[in-house]
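Have a look at the structure below, then the notes.
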């Protein structure tokens, strides 16, 4: 815990600062931008150093790979101009380490099973916040309403699209042998705790990052370019589904197809409100339903 706790507290503090709108606006006023980028780059490396040095898992090669990845991400828009081709390159850079599962072999926990603690979460949180600052602050991208806490109408729209998609999504998942209907048999308090913990964990990490880039960036760009909500929703949903081809095994087209349907629902929530927060609610509620009411085959 002398290795895990300080590393997690450090990363959590910078993650919260990056996703909060008020702090992000403060970041945006700082000059020069290279200094801010340098501070954020160092801040992303510190948790790895704290954890790995105190746990005895430090590897020089892993540190250099991490430094190169973090530096390339936060420095992308300090090097390349604001053009669509470089935006595509940035999105590919964001996706590559996640699809390749790069952080697992770097953040090794000590013990018989080096993956027991899943310390790669430190890498994923740092990756999300650096990508978020690079896109929203350095690139100046406008994804629509974005933040950690949805407003009243965003809650309603997010819940409405969740209710509309959960039955067809569950039927499709069962037919493709991805999930089967099997509600948990724990006590009501345990189920409530799992549901609430899962909802906010997904809302503030997974849904926040995935909905920002697939809805707030990709769908937003397609809406502005094509002026066709249907085409923008479908294309962003298909791309979202394709990003899950690497889930569990490759090519996992069953999970990709199920995720594409979820992407349509999230895309409709975003298109109807212009808010990433609404699609975050749909996304998080769907994951809660999968954890509480369904089991993988």
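Values quoted throughout were computed directly from the atomic coordinates according to the rules given, and no laboratory measurement underlies them. Note that the structure is a prediction, hence the values are computed from the model and not measured. All Cβ positions, even for glycine, are placed from backbone atoms using ideal geometry, and neighbour counts span all protein chains on display.
Given a cut-off of under 8 Å on Cα pairs at least six residues apart, what relative contact order in percent is computed for the stretch 4-138? Relative contact order comes out at 36 percent. Normalising by residue count, the stretch 116-159 has a Cα convex hull of 94 Å³ per residue.
Cα gyration tensor of the stretch 145-203, axes a ≥ b ≥ c as square roots of the eigenvalues: rounded (a/c below 1.5), prolate (a/b > b/c) or oblate? Here the stretch 145-203 falls in the oblate category. Sorting the segments 262-272, 276-286, 18-28, 176-186 by their residues' average number of neighbouring beta-carbon atoms within 10 angstrom, most packed first, yields 276-286, 262-272, 18-28, 176-186.
Between the stretch 163-224 and the stretch 144-159, the alpha-carbon centres lie 15 Å apart. For the chain, just say rounded, prolate or oblate: build the C-alpha gyration tensor, square-root its eigenvalues into a ≥ b ≥ c, call rounded for a/c under 1.5, and beyond that prolate if a/b exceeds b/c, oblate if not. Because a/c hits 1.5 or more and a/b fails to exceed b/c, the chain counts as oblate. Taking square-rooted eigenvalues a ≥ b ≥ c of the alpha carbon gyration tensor, is the stretch 152-296 rounded, prolate or oblate, where a/c under 1.5 means rounded and, failing that, a/b exceeding b/c means prolate? It is oblate, given that a/c is not under 1.5 and a/b is not larger than b/c. Where only DSSP H runs of four or more residues are counted, the chain gives -22500 deg cm²/dmol as its mean residue ellipticity at 222 nm, each run worth -39500 (n - 2.57).
Send over the per residue convex hull volume for the stretch 4-138, Cα only, as a whole number of Å³. Per-residue hull volume (Cα only) is 103 Å³.
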